[in-house]
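Remarks on the structure that follows.
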Amino acid sequence: MKTLLTKEGKIKLQEELNFLLTVEKNRVINELSEARESGTLEENTQYLIAKEEYVKIQTKIENLQSLISIATVVDSADIGT
């Protein structure tokens, strides 16, 4: 299946990917680190929440990377409405 994106659409996805990689992922890694210092991981709600959030962000990163890599950029004038 072909994935078509306008140039602007691809730029928007790349910006979102960059934000996830540089801001969100680092934020959650810091939260995980802080939670690890708070005690036993099995009973640490802060750690479990941060771990779950990390998995969600990582999944979104992988999905965006895949989408961007297979997308074909088209001119918006060529897309039928």
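A few comments on the model shown:
- Helix 45-70 axis, angle to the chain major axis (alpha carbon atoms, nearest 10°): 20
- Only lysines eight or more places from residue 56 in sequence, or on another chain, were considered; those with a Cα closer than 20 Å are 12, 25.
- The chain: relative contact order as a whole-number percent, Cα under 8 Å and 6+ apart: 53
- Over the chain, accessible surface divided per residue gives 74 Å², non-protein components excluded, 1.4 Å probe.
The values are calculated or read from the model by the stated rules, or taken from the named source; none is laboratory data. Since the model is a prediction, treat every value here as computed from it, not as a measurement. When the accessible area is computed, the model is the full protein with side chains, heavy atoms only, and any ligands, DNA or RNA have been set aside. Shrake-Rupley method; radii C 1.70, N 1.55, O 1.52, S 1.80 Å.
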